[in-house]
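I have placed the structure first, in the form of C-alpha cells, so that the comments after it can refer back to it.
The values are calculated or read from the model by the stated rules, or taken from the named source; none is laboratory data. Every value quoted in this text rests on a predicted model; they were computed, and no experiment measured them. Because the Cβ atoms are built from the backbone with ideal geometry, glycine has one as well, and the counts that use them run over all protein chains shown.
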Amino acid sequence: MLNEERIILMTHMASYEKGEGKKNVKIGSYFRSDYIAVAVIKAVISASVAFAIVFALYIFYDFETFMENLYEIDLVAFAKNALTYYGITVVGYGVIAYVLSTYRHAKAMKSLRSYYHNLKKLNSLYDQQ
C-alpha cells in the first residue's frame with residue numbers, strides 16, 4: 001500500500017537533490033575554514049588579474065603622454081599609489097569574498113541539516129510500516 005506522506009517527502013527530497021542539493025553537497029563537503037579560504041584565494045587571484053588589466057588599460061589609454069612625462073613624474077610616488085590601489089582592491093575583494101562565502105556555507109549547512117532530518121523522517125516512516 002502506498003503511503004502518501006512518504007511519497008510527498010521522497011518527491012521533495014528528489015527535487016532538492018536534482019537542483020539546489022548538488023551545490024549544497026559540494027559546499028558541505030568542505031570544512032568551513034577550508035571553503036572560506038578557497039573562496040578568498042580565488043577572489044585575491046581574480047582581483048589581481050582584474051587590477052592588472054585595468055592598470056594596463058589605464059597606462060595604454062594615453063601611452064604617448066605617459067611616455068613623454070615619464071622622466072618628469074616621480075616614479076616612486078607613482079608606484080606607491082599603484083600599490084596602494086592594488087592593496088585596497090585586493091583587500092576589498094577578499095573581505096567581500098569572506099563575507100559571501102561565510103554566508104553561503106552557513107546557508108548550505110542549514111539546508112543540508114534539513115535534508116538529513118528529512119532522511120531520518122523517511123527512514124522512520126519505513127520503520128513504522
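Assorted remarks:
- Residue list for the range 39-68, restricted to those being over 18 Å from residue 81 (Cβ atoms) and either surrounded by 14 or more Cβ atoms within 10 Å (Cβ to Cβ) or touching a residue at least 60 places away in the same chain (Cβ under 8 Å) (or both): 39, 40, 43, 44
- Residue in the range 31-47 that is in a loop (DSSP other than H, G, I, E, B) and either under 30 Å from residue 116 (Cβ atoms) or at pLDDT 90 or above (or both) present: yes
- The number of residues in the range 96-107 being of a type in the set (Val, Ile, Thr) and out of contact with any helix residue (DSSP H, G or I) (no Cβ under 9 Å at 6 or more places or on another chain) comes to 1.
- Inside the range 69-95, residues that are under 30 Å from residue 28 (Cα atoms), among the hydrophobic types (A, V, I, L, M, F, W, C) and surrounded by fewer than 14 Cβ atoms within 10 Å (Cβ to Cβ) make up a count of 2.
- For residue 108, the test of being at pLDDT 90 or above and touching a Gly at 6+ places or on another chain (Cβ under 6 Å) is passed.
- When 4, 17 are screened for being modelled with pLDDT under 95 and surrounded by 11 or more Cβ atoms within 10 Å (Cβ to Cβ), only 17 passes.
- Check on residue 112, surrounded by 11 or more Cβ atoms within 10 Å (Cβ to Cβ), closer than 30 Å to residue 6 by Cα and over 21 Å from the mean Cα position of the chain (by Cα): no
- Among the residues of the range 80-90, some residue qualifies, meaning at least one is under 25 Å from residue 103 (Cβ atoms), part of a helix (DSSP H, G or I) and without any contact (Cβ under 8 Å) to a residue 40 or more places away in the chain.
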